[in-house]
Amino acid sequence: MKKIKLGDVCKINAETYSDSNSCDFVNYLDTSNITANHIENIQHIDITQEKLPSRARRKVKFNSIIYSTVRPNQRHYVIIKSQPENFLVSTGFAVIDVDPKKIDANFLYYQLSRDEIVNNLQSIAEQSTTAYPSIKPSDLSNLKFYVPSLDTQRKIGNFLYALDDKIALNKKINATLEAMAKTLYDYWFVQFDFPDEHGRPYKSSGGKMIYSSELGRDIPEGWQIKTLKDICKIVDCLHSQKPIRMYEQERCFLLQLENLISLGIIDLGYKYYVSESDYNTWTAKIEVCEGDLIITNAGRVGAFARVPKGIKAGIGRNITAIRPERVSSVYLYYYLHSVDNLRQIRKNIDVGAFFNSLNVKGLKQISVLIPPKNLMEFFTRNCEPYRYKLELAACESQQIVALRDWLLPLLMNEQVKFKEDKNE
């Protein structure tokens, strides 16, 4: 192991875009659109029609590490492995390009993602005199840490990147499965072209429709409208009759639940991990069951997730659990993501609260479209395999994240080493 200074093995912000560069469009990445090696959205800007944002100036290349200089603890960083044409990133990023003869790019990316480094940079940022806690490129250049041989760096970097690659693949699979199920839901329960008794699309074949005042649109004749409280048990953490209080003697029970579902980690049901220290921030929890639907009452108001099979979890404040009793959990999951429901959710947001929040009493009165039982069961049989695979992949990703985060400091400090290849 030898000690290096980041500025001695990398260049920071080496290339900058200027208006003299000739191109008709730019693909632009802002700091808010990445988190921990996941790019959410890249803006395509036609600069013959639109003005290029003044911050769209940093050029990147393969293996560039882009690291947000504002609030490092929000983890807006990524290592570039592929990029669209004319790709620029915000000046809110420091672009780090390694000298491959001195340090491995993957290894450095994971070194910079370590809690120890992130917390150190956040401490520096909080001492800044700028409007927001921020670091300078020189703060990155001055970072010093120990590194193993270049060959070992490559093994560590490739191994950790392979884990992230598997997580990314699972996300792509999940997005495809979710799209397949949603397409079927929209075709049957939004367009109402479910198969009629003759196997023909109902509405397109002249199926009778009637107007629903609750939903404000036509629905198939014979379908019912029920309130959510009529078909589900609504379990609100702060108003539960038997909340789980945070006393030391009950800590063992909380640890047995394995997971705490809180506002910041509802992500389409894919992400349930919480560290033990986070339990200290919550005063009440209740246990949720497999198949329960959970909704945020604040923050991302109206964000829904479904508790996957085999997950043992509790919910914290500002989370409400919906336990289907007379309706399919799978059908209700997609209904709660539908336009019919989102319109009702928006009407129940209390914008006068400190945070925009959802009126739980209003939630209970939400109107739910109830199709015939046999059609709902048919939809569930078709979509349950998608949900199962999706949730299984999500839980697998969760385990990989936990494994990666556990191994990261051990590998970096050479407390865990790769087995030597006798053929080398």
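General observations
- So TYR187, is it in a helix (DSSP H, G or I), of a type in the set (Phe, Trp, Tyr) and under 30 Å from the mean Cα position of the chain (by Cα): yes
- Selection status of LYS172, among the basic types (Lys, Arg), assigned to a helix (DSSP H, G or I), under 20 Å from ILE79 (Cα atoms) and free of Cβ contacts under 8 Å to residues at least 60 places away in the same chain: yes
- Subset of region 1-60 that is of a type in the set (Ser, Thr, Tyr) and more than 30 Å from LYS172 (Cα to Cα) - its residue that is nearest to the chain's Cα centre (by Cα): SER54
- For region 20-42, a tally of residues being assigned to a strand (DSSP E or B) and out of contact with any Phe, Trp or Tyr (no Cβ under 6 Å at 6 or more places or on another chain) returns 8.
- Of all the residues in region 77-101, those that are touching a strand residue (DSSP E or B) at 6+ places or on another chain (Cβ under 6 Å) and farther than 22 Å from PRO53 by Cα number 3.
- Condition check for TYR388 on (1) under 24 Å from the mean Cα position of the chain (by Cα); (2) free of Cβ contacts under 8 Å to residues at least 24 places away in the same chain: one failure, at (2).
- Residues in region 1-60 that are without any contact (Cβ under 8 Å) to a residue 60 or more places away in the chain, surrounded by 15 or more Cβ atoms within 10 Å (Cβ to Cβ) and among the small types (Gly, Ala, Ser): ALA56 only.
- Of the residues examined, SER138 is not one that is among the hydroxyl-bearing types (Ser, Thr, Tyr) and either out of contact with any strand residue (DSSP E or B) (no Cβ under 9 Å at 6 or more places or on another chain) or within 30 Å of CYS23 (Cα to Cα) (or both).
- Residue check, GLU116 under 21 Å from SER54 (Cα atoms), more than 22 Å from the chain's Cα centre (by Cα) and among the charged types (D, E, K, R): no
- Wholly enclosed strands (runs of 3 or more DSSP E) of region 43-137 bearing at least 3 residues among the aliphatic types (A, V, I, L, M): 93-98
Matching residues to (1) crowded, with 16+ Cβ neighbours inside 10 Å; (2) part of a helix (DSSP H, G or I); (3) touching a strand residue (DSSP E or B) at 6+ places or on another chain (Cβ under 9 Å):
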{"position": "VAL368", "(1), (2), (3)": "yes, no, yes"}
{"position": "MET376", "(1), (2), (3)": "yes, yes, yes"}
{"position": "ASN382", "(1), (2), (3)": "no, yes, no"}
{"position": "ARG387", "(1), (2), (3)": "yes, yes, yes"}
{"position": "LEU390", "(1), (2), (3)": "yes, yes, no"}
{"position": "ALA394", "(1), (2), (3)": "yes, yes, no"}
{"position": "GLN399", "(1), (2), (3)": "no, yes, no"}
{"position": "GLU414", "(1), (2), (3)": "no, no, yes"}
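- Any hit, region 73-85, residues being of a type outside the set (S, T, N, Q) and more than 24 Å from the chain's Cα centre (by Cα): yes
- Of the criteria (1) at pLDDT below 90; (2) under 26 Å from LYS155 (Cα atoms), which one VAL9 fails: (1)
- The residues listed here are SER82, SER64; of these, the one that is out of contact with any Gly (no Cβ under 8 Å at 6 or more places or on another chain) and at pLDDT below 95 is SER82.
The values are calculated or read from the model by the stated rules, or taken from the named source; none is laboratory data. Note that the structure is a prediction, hence the values are computed from the model and not measured. Because the Cβ atoms are built from the backbone with ideal geometry, glycine has one as well, and the counts that use them run over all protein chains shown.
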